[in-house]
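*Asks:* Next up is a structure, given as structure tokens.
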Amino acid sequence: MPAVRLLPPDRFFDRAEWAAITRASAWRGIWLVAHGWIVSIAVIGLAAWLANPLGWLAAIILVGGRQLGFAILMHDAAHGALHPNRKLNNFLGDWLTGAAVGSDLIAYRTYHLQHHKFTQQPEDPDLSLSKPFPTTRASLWRKVARDLTGQTFFKQRVAQFGFALVGLKAMLRGEKPEKKGASTKAGTPFNKQSDDGMTSPTVDVAGAMAVTRAVGRFLLVQAVLLALSLALYGWTPYLLWLAGLATTFQLYLRIRNIAEHACTTTGSDDPFTHARTTHAGWLARATVAPYWVNYHAEHHLFMGVPCYRLPQVHAALGRAGRHGEMTIAPGYLSVLRQVTAVRA
């Protein structure tokens, strides 16, 4: 299939304006990463201090949103948009965001750019996320139940640790990967969801080693968080973090994935149909839509724009009268109603 057609930015922005919009800030990306950690620590710390089950539940609800936020900021780093310095950009994406939720920046970048090139076409590695929709409400509720009971998290980690073991054995044998980086299959499982636990029947050596390194970073970050939790306030803070990672983070990730592409009219000749933008209120921004991820149509139109400037792009497209050509939903509940329009 042909690659999706790109939209020339000079139709909406002059050269100076476009340069300003696409230029990554030297401090905003760092601040957003810090914001995610500050909010997570504050919410978990307060819940641990209150020692109330309702407070624990609130913490799990909110920390899952910040964990999704780390995945979103890693996504920006994959596009080189989190910081203008490439080494710092990659450090933020690998260690301070991706590792927190078990993702690998380089592997993610490898397959995610393929997603942009062939959005919603057979070559799109994310096609399995939107292809099952529309579906029934019962089917969606079963997925929600698997997310909130930790089943999705468990299947993902079993698959990820299995890949990591293959890579570790190859490293111990002294094998050398044929190419730098990871394959699409190795990169895909730990950032997206599917109902089979996101397993893959084959893993190349380079991809397996990349997963091994990703798991190493993930475990190291978890060990640091656990050590800080035990040193400062016992087991409760870390258990709240882990509960969010195993439950609400998985659910928010699924809803975000559904909203981005499910039930959109997609064609390679019309760049305005590749993705959905969803209006997000304060509750959505705290959970399923952190750090402007809801402006997904704008991101697909101009993928080099940092997340914090996507609202400017949305406004510019509105001034140009192009919102009518885009898929824009009034909220996430309306998207879920749309994608569950099939009767049982």
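*Asks:* Starting from segment 1-14, take each residue that is in contact (Cβ under 8 Å) with a residue 40 or more places away in the chain and part of a loop (DSSP other than H, G, I, E, B) and list its partners that are surrounded by 10 or more Cβ atoms within 10 Å (Cβ to Cβ) and polar (S, T, N, Q), counting only C-beta distances under 8 angstrom and pairs at least six apart or across chains.
*Replies:* MET1/GLN121; MET1/SER268; PRO2/SER268; ALA3/SER268; VAL4/THR119; VAL4/GLN121; VAL4/SER268; ARG5/SER268
*Asks:* Keeping to segment 10-63, report how many residues are touching a Phe, Trp or Tyr at 6+ places or on another chain (Cβ under 6 Å) and among the small types (Gly, Ala, Ser).
*Replies:* Looking only at that region, the number is 3.
*Asks:* Quick check: anything in segment 131-144 charged (D, E, K, R) and at pLDDT below 90?
*Replies:* Yes, some residue in segment 131-144 is charged (D, E, K, R) and at pLDDT below 90.
*Asks:* A follow-up question, please. Restricted to segment 243-284, and to residues that are under 25 Å from GLY55 (Cα atoms) and without any contact (Cβ under 8 Å) to a residue 12 or more places away in the chain, which residue is surrounded by the most Cβ atoms within 10 Å (Cβ to Cβ)?
*Replies:* LEU283
*Asks:* Anything in segment 108-140 that is outside any loop (DSSP other than H, G, I, E, B) and crowded, with 19+ Cβ neighbours inside 10 Å? List them, or say none.
*Replies:* TYR108, ARG109, THR110, TYR111, HIS112, HIS115, LEU129, SER130, LEU140
*Asks:* Please count how many residues of segment 21-37 are in contact with a Pro (Cβ under 8 Å, 6 or more places away or on another chain), surrounded by fewer than 17 Cβ atoms within 10 Å (Cβ to Cβ) and not in a helix (DSSP H, G or I).
*Replies:* Going through segment 21-37 one residue at a time, the tally reaches 3.
*Asks:* Can you pull out every residue in segment 38-53 that is out of contact with any Gly (no Cβ under 8 Å at 6 or more places or on another chain), part of a helix (DSSP H, G or I) and farther than 25 Å from ALA280 by Cα?
*Replies:* GLY45, TRP49, LEU50, PRO53
*Asks:* Another question, then. Where in segment 292-344 are there helices (runs of 4 or more DSSP H), lying fully within it, with 3 or more residues that are within 20 Å of the chain's Cα centre (by Cα) and over 22 Å from LEU6 (Cα atoms)?
*Replies:* Answer list for segment 292-344: 332-339.
*Asks:* Can you tell me how many residues in segment 47-60 are surrounded by 13 or more Cβ atoms within 10 Å (Cβ to Cβ) and in contact (Cβ under 8 Å) with a residue 12 or more places away in the chain?
*Replies:* 6
*Asks:* Moving on to the next point. Of all residues in segment 220-265 being assigned to a helix (DSSP H, G or I) and among the aromatic types (Phe, Trp, Tyr), which is farthest from VAL43 (Cα to Cα)?
*Replies:* Checking each candidate, the answer is TYR252.
The values are calculated or read from the model by the stated rules, or taken from the named source; none is laboratory data. Note that this is a predicted model, so its numbers are computed, not measured. No Cβ is skipped: glycine too gets one built from the backbone with ideal geometry, and neighbour counts run over all protein chains shown.
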